[in-house]
1. Please specify each residue of the range 36-71 satisfying the condition of being at pLDDT 95 or above, more than 19 Å from the chain's Cα centre (by Cα) and either within 14 Å of the ligand (Cβ to nearest atom) or part of a helix (DSSP H, G or I) (or both).
2. For the range 80-90, give me each residue that is among the polar types (S, T, N, Q) and open to solvent by less than 20 Å² (accessible area, probe 1.4 Å).
3. If you take the residues of the range 119-150 that are over 25 Å from residue 183 (Cα atoms) and open to solvent by 60 Å² or more (accessible area, probe 1.4 Å), which of them is farthest from the ligand (Cβ to nearest atom)?
4. Got at least one residue in the range 73-80 being near the ligand (Cβ under 10 Å from one of its atoms) and part of a loop (DSSP other than H, G, I, E, B)?
5. Give the range 91-115 a look and list any residue that's assigned to a helix (DSSP H, G or I), more than 26 Å from residue 78 (Cα to Cα) and either in contact (Cβ under 8 Å) with a residue 40 or more places away in the chain or open to solvent by less than 60 Å² (accessible area, probe 1.4 Å) (or both), or say none.
6. Is it the case that some residue within the range 151-162 is among the charged types (D, E, K, R), modelled with pLDDT of 95 or more and buried (at least 21 other Cβ atoms within 10 Å of the Cβ)?
7. Failed condition for residue 56, given (1) open to solvent by 60 Å² or more (accessible area, probe 1.4 Å); (2) without any contact (Cβ under 8 Å) to a residue 24 or more places away in the chain, with all others met?
8. Take residue 114 and tell me if it is within 12 Å of the ligand (Cβ to nearest atom) and either of a type outside the set (S, T, N, Q) or more than 15 Å from residue 141 (Cα to Cα) (or both).
Amino acid sequence: MEPSTSTRKRFTVNDFEIGRPLGRGKFGRVYLARLKENNFIVALKVLFKSEIEKGGLEHQLRREVEIQAHLQHPNILRLYNYFYDDTRMYLILEYAPGGELYKELQRNQQLDQERTATIIEELSDALSYCHENKVIHRDIKPENILLGLRGEVKISDFGWSVHTLSLRRKTICGTLDYLPPEMIEQKPYNETVDLWCIGVLCYELLVGKPPFESSTSSETYRRIRKLLPMT
Ligand code: AMP
């Protein structure tokens, strides 16, 4: 299942038994699937080429696939391989049976200190590994953290990630509540933007809402710039 470029095995959708839908994203659907050859369970993400082209996302998707395929860490969702047919692109992903951290937070409203500490430790370990490999995630938030069988962190969605060597360092991306001041002010930034997001996430897990949340986006921007969390 390794994605190494030249020797990569070419899969087709007929190599899989497709199971229940696991979820739906902006551009595709994700299904539980089993590789017929060895019963290996995976999550198969199906994207329509037409929608990717319509959204002008070819470049972003290629970058996401290339980056995620090369990262191997227990707290980063593996991208094993990919293939495509005339209309669709398929990503073969590690299955995260615990679902989204976002849903765990919604169910419990806030998490206790012990659970939060474990999540933050696993997340920090995974992000250190990314940074050692010159990758910045840039979009850490509860929706992008999936959970393994024992509730362990599996960072997913490298759609906004970037290799520092090719960094267009002023690109604004990510989610409003998690945006670091230097990105809002369109200043050059580096991998420390992910550290800011660890802090915001830690706050949201313990308190139940992100620190700079406000009724309008301009107020959120203002609070972030002035470092004024809600009290
Ligand atoms: P996405 O398009 O990546 O946002 O995925 C849509 C939804 O499918 C997510 O919000 C998850 O609930 C679910 N999902 C995506 N990937 C996986 C996975 N590898 N394992 C389990 N569920 C997943």
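1. Hits for the range 36-71 are 40, 41.
2. 81
3. Checking each candidate, the answer is 150.
4. Yes, some residue in the range 73-80 is near the ligand (Cβ under 10 Å from one of its atoms) and part of a loop (DSSP other than H, G, I, E, B).
5. Within the range 91-115, 113 is the sole residue that qualifies.
6. yes
7. Among (1) open to solvent by 60 Å² or more (accessible area, probe 1.4 Å); (2) without any contact (Cβ under 8 Å) to a residue 24 or more places away in the chain, the lone unmet condition for residue 56 is (1).
8. no
The values are calculated or read from the model by the stated rules, or taken from the named source; none is laboratory data. Here the structure is a predicted model, which means the values were calculated and not measured. Glycine gets a Cβ as well: all are built from the backbone with ideal geometry, and neighbour counts include every protein chain shown. Ligands, DNA and RNA are excluded from the accessible area calculation, which covers all protein heavy atoms including side chains. Shrake-Rupley method; radii C 1.70, N 1.55, O 1.52, S 1.80 Å.
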